[in-house]
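Since the structure comes first, as structure tokens, the remarks are kept for the end.
The values are calculated or read from the model by the stated rules, or taken from the named source; none is laboratory data. Remember, predicted model here, so these are calculated numbers, not experimental data. All Cβ positions, even for glycine, are placed from backbone atoms using ideal geometry, and neighbour counts span all protein chains on display.
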Ligand code: PMP
């Protein structure tokens with residue numbers, strides 16, 4: 001029996017669990033795939049020039065300046081870009097807009113754990129398609145009747161990249177539903193891995209990106225989608241029916257400033273990729289299995305030491321990893337790539353604690 005009469009009439013959900021955000025400052029935080037490098041000087045300059053009086057007014061509801069700079073950056077027209085409060089907002093709006101049939105939407109069984117949460121909350125039927133033994137996505141398994149498809153590329157938390165050919169295969173087999181490719185980590189993948197250019201060719205393809213990882217701006221909350229103007233129009237219709245002013249004025253101005261600093265962006269990415277490669281080799285030398293990563297994190301397991309044990313022991317040392325207590329992956333740890341010195345501390349911790 002419910003304690004309150006009204007409880008039987010409300011929407012009850014099992015929420016998504018974000019990674020911890022501990023308050024201590026001197027920890028090594030490798031649990032939420034943030035960028036270890038601060039945003040560029042260009043951002044600090046733009047911050048110091050922010051006009052606080054402008055906050056008196058509502059922002060431009062279309063976040064026009066940010067949309068325009070993203071459109072210019074990607075060489076597309078402004079009617080092909082949608083922005084939101086982090087890619088979570090963009091993805092949530094996309095679920096609401098595009099997944100509206102009685103047919104099941106498809107996503108991998110091991111993937112971004114927000115997808116089943118949105119589907120449950122919005123009462124969208126879904127089917128989780130098992131990854132292969134080696135944690136890959138088999139495109140054939142997605143070539144079936146569906147009410148929509150969402151796949152991160154690279155996948156999370158496996159970090160494994162799917163080829164453009166495989167994605168094309170899926171899109172071509174799903175002409176009557178929308179296919180969303182969540183490219184949250186694509187900037188850490190080899191050049192040419194993105195399918196954003198294919199939004200020109202396939203009107204049912206939506207590509208979602210974020211400023212939270214490669215652009216060092218998780219705290220500002222900016223995400224965006226690129227797709228056919230018709231998809232973007234439908235997204236905006238839903239957005240304006242729910243919350244017109246999603247983007248606040250500082251994020252419009254600062255987001256635009258950050259886009260203009262491509263040199264710093266590329267330099268930090270290349271640093272992170274080279275640290276990832278070195279760290280992967282070192283983990284392997286200690287006996288870890290490390291899945292091939294195209295992201296700013298690695299997914300690793302040790303044959304003799306439980307991931308829960310490492311997770312807890314590391315936390316006591318002020319080192320935070322992410323562990324998912326889920327079938328097939330509970331032996332694995334997801335470790336964000338930090339600065340060189342952070343990864344050195346991780347290796348030393350593993351060697352010292354487990355005599356590796
Ligand atoms: N997609 C994937 C695959 C992610 O891992 C994340 C980060 N939690 C997001 C989307 C959302 O990131 P944000 O809302 O910070 O853009």
Of everything in the range 12-35, what is surrounded by 14 or more Cβ atoms within 10 Å (Cβ to Cβ), within 22 Å of the chain's Cα centre (by Cα) and more than 16 Å from the ligand (Cβ to nearest atom)? Give them in sequence order. 28
Return a yes/no flag: does the range 316-323 have any residue that is farther than 17 Å from residue 185 by Cα and assigned to a helix (DSSP H, G or I). yes
Can we say residue 52 is crowded, with 17+ Cβ neighbours inside 10 Å, away from the ligand (no atom under 16 Å from the Cβ) and modelled with pLDDT under 95? no
Could we say that residue 120 is in contact (Cβ under 8 Å) with a residue 24 or more places away in the chain, over 21 Å from the mean Cα position of the chain (by Cα) and closer than 20 Å to residue 238 by Cα here? no
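Results for (1) without any contact (Cβ under 8 Å) to a residue 12 or more places away in the chain; (2) more than 18 Å from residue 87 (Cα to Cα), shown as yes or no for each residue.
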position	(1), (2)
217	no, no
224	no, no
230	no, yes
234	no, no
238	no, no
251	no, no
263	yes, yes
Conditions (1) buried (at least 20 other Cβ atoms within 10 Å of the Cβ); (2) more than 14 Å from residue 151 (Cβ to Cβ); (3) within 16 Å of the ligand (Cβ to nearest atom): number failed by residue 40: (3)
For residue 95, work out the one condition from (1) exposed (fewer than 14 other Cβ atoms within 10 Å of the Cβ); (2) in contact with a helix residue (DSSP H, G or I) (Cβ under 6 Å, 6 or more places away or on another chain) it doesn't fulfil. (1)
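Can you tell me which residue among 142, 107 is modelled with pLDDT of 95 or more, closer than 22 Å to residue 33 by Cβ and touching a helix residue (DSSP H, G or I) at 6+ places or on another chain (Cβ under 6 Å)?
Every option except 107 fails the conditions.
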Cβ contacts < 6 Å: first residue more than 25 Å from residue 213 (Cβ to Cβ), restricted to the range 86-110; second residue within 9 Å of the ligand (Cβ to nearest atom), any location; separation 6+ or different chain. Result? none
Only one of 88, 79 is surrounded by 20 or more Cβ atoms within 10 Å (Cβ to Cβ) and in a helix (DSSP H, G or I), namely 88
Taking the residues in the range 260-311 that are under 20 Å from the mean Cα position of the chain (by Cα) and assigned to a loop (DSSP other than H, G, I, E, B) as candidates, determine which candidate is farthest from residue 43 (Cα to Cα). 291
For the range 136-154, which residues satisfy the criterion of being surrounded by fewer than 21 Cβ atoms within 10 Å (Cβ to Cβ) and over 24 Å from residue 214 (Cα atoms)? 138, 139, 140, 141, 143, 144, 145
Taking the range 310-320, which residues are closer than 20 Å to residue 285 by Cβ and free of Cβ contacts under 8 Å to residues at least 60 places away in the same chain? 310, 313, 314
Condition first: within 16 Å of the ligand (Cβ to nearest atom) and touching a helix residue (DSSP H, G or I) at 6+ places or on another chain (Cβ under 6 Å). Can you find one or more residues in the range 263-275 that meet it? no
